[in-house]
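Worksheet: one structure, shown below.
The values are calculated or read from the model by the stated rules, or taken from the named source; none is laboratory data. Note that the structure is predicted; figures quoted are calculated from it, not measured. Note: ideal-geometry Cβ built from the backbone for every residue, glycine included; neighbour counts use all protein chains shown.
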Amino acid sequence: MTLEIKIPNIAEAIVEVVVAKWLKRDGETVKRDEPICEIETDKASQELYAEADGTLQTIAKEGETVPVGATIAKINIQKEPTPQIMETKSEIREIKLTNMGAESVTEAVVGAWLKQDGDFIKLDEPICELETDKAAQELPAEVAGILRIVAEAGKTLQVGELLCRIEVGTSAPAGKVETLPTPTPEVKTETKTDSTPSYAQGHPSPAASKILAEKGVEAKDVTGSGKDGRITKEDAQNVQKATPHTETKTEAKVEISAPAIIIGGREQRRVRMTQMRKTISRRLVAVKNETAMLTTFNEVNMKPIMEMRKKYKEEFQTAHGVGLGFMSFFTRASALALQKFPEVNAMIDGGTSEIVYNDFVDISVAVSAPKGLVVPVLRNVEAMGFADIEKGIINLATKAKNNALSIEDMQGGTFTITNGGIFGSMMSTPIINAPQSAILGMHNIVERPMAVNGQVVILPMMYVALSYDHRIIDGREAVGFLVTIKKYLEEPERMLFGI
């Protein structure tokens, strides 16, 4: 058996790497997780590790530039023992639900099984999706073997409960050849097809969802080959990218064969609400019902920031390797203002009825992810400069886009910033992200006539909104906080001197 070693997708902006040095020679025996070579990008260097035990066969030469996804080596794995011998030495590994590194997680929903019962799975291969009230993530196989599913898709499990079993050391081909011809599985499959569609049917995995979005293809137009019609990564890769020519043909067929569909259909479809969406819904309603939420508004002249960005953006990019965006100005201004108005950075402990004041500033940044809006946390912003803030936001946004946010990334936060302006929102009243006490809303920039020194001047203006809990923050502090933000943004040099 031969295993290909490919260049992984290290970061979204990286498309190629240089094979700097082979740490193991061609033909040399390597062990799993042993470093075999060093690769370099324009940002950093790192080691690649062997994914299995075997004999290394190098393909790419030292100093060669290869694209992401290219095969640079192969590992020839020794043949496994015969199925008869393996069966006598096989063991059963029970896979139980863990807290996924967060003490606050006590339960999770089995979103969908990415592998079918009886499938042979490899080590670290994703076998199912787990959804908690904070995030969704894939569960990798702890060992290689035959999968035996215990908890069905859609079931809620407590931490410690059994998810599945893996028959360790069972051969893949022999098991499948013997079980496929038997009539019993075929009858079960037909029965499932005739029954009500399951949650997994037509639902893409996170990796498949990303690929379909890049190709501009909707999930309903793809037939899934996974368990219960699940759309796998391979299905998404095999789909052709949507083209205008194809759409024209489709419309022509609709007009000829079924003109009634053009008038309008009456179909409905039901999709199970994810655990994350349920929790978001519950918390948003709770915030409206349990807090004395109020919103105050102001407007900001964005011209000074726009001119400063225009003047220094190229030097900033060269010096720090990241662009200079609006979010770093708002985040830095918020951190300084929060230190001046500690009530806005505080929260109420409902269990003790005490006010908790935070001497640090952890800002939650609202980011749009494939499965909905998430708010990962940028920590200790009070100690960050503009470059650190930009790098931190880019890191969190990349994780959100790739469904790679961990529960630790989502926990905590003393204040939230949300930017509805990227979607074209002119004004809104954002809802507090409990248990925090305030949230700042940014909006789109619109040129408007403004009176300046008795003259009408066209300026790029933005409305800003601060929603706050009136139980802990008085109107004076809320308005003062927003006015301070306005001053920092209209006179950005104030942020340099902290005045």
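Summary of values
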read-out	value
Any pair with Cβ under 8 angstrom, 6 or more apart, that starts in the stretch 282-300 at a residue that is among the small types (Gly, Ala, Ser) and ends at one that is exposed (fewer than 15 other Cβ atoms within 10 Å of the Cβ)	Ala292/His470; Ala292/Arg471
Boolean, Val381 is surrounded by 14 or more Cβ atoms within 10 Å (Cβ to Cβ), free of Cβ contacts under 8 Å to residues at least 40 places away in the same chain and among the β-branched types (Val, Ile, Thr)	no
Qualifying residue in the stretch 441-461 (condition: surrounded by fewer than 16 Cβ atoms within 10 Å (Cβ to Cβ), more than 26 Å from Val361 (Cβ to Cβ) and of a type in the set (Gly, Ala, Ser))	yes
Tally, over the stretch 339-384, of residues that are at positive phi and not in a strand (DSSP E or B)	2
Filter result (modelled with pLDDT of 85 or more, part of a strand (DSSP E or B) and crowded, with 16+ Cβ neighbours inside 10 Å) within the stretch 11-38	Val19, Trp22, Val30, Ile36, Cys37
Any hit, the stretch 325-341, residues being of a type in the set (Lys, Arg), touching a residue at least 12 places away in the same chain (Cβ under 8 Å) and more than 21 Å from Tyr488 (Cα to Cα)	no
Elements of type strands (runs of 3 or more DSSP E) in the stretch 385-499, at least 1 residues being under 26 Å from Ile348 (Cα atoms) and either in the same structural domain as Leu130 (by TED's automatic domain parsing) or out of contact with any Leu (no Cβ under 7 Å at 6 or more places or on another chain) (or both)	415-419, 438-442, 455-469
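Each row is one residue, and each column tells you yes or no for (1) farther than 16 Å from Gln275 by Cα; (2) modelled with pLDDT of 90 or more; (3) not basic (Lys, Arg).
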| position | (1), (2), (3) |
| --- | --- |
| Val109 | no, no, yes |
| Leu123 | yes, no, yes |
| Asp133 | no, no, yes |
| Val143 | yes, no, yes |
| Ile149 | yes, yes, yes |
| Glu161 | yes, no, yes |
| Glu167 | yes, no, yes |
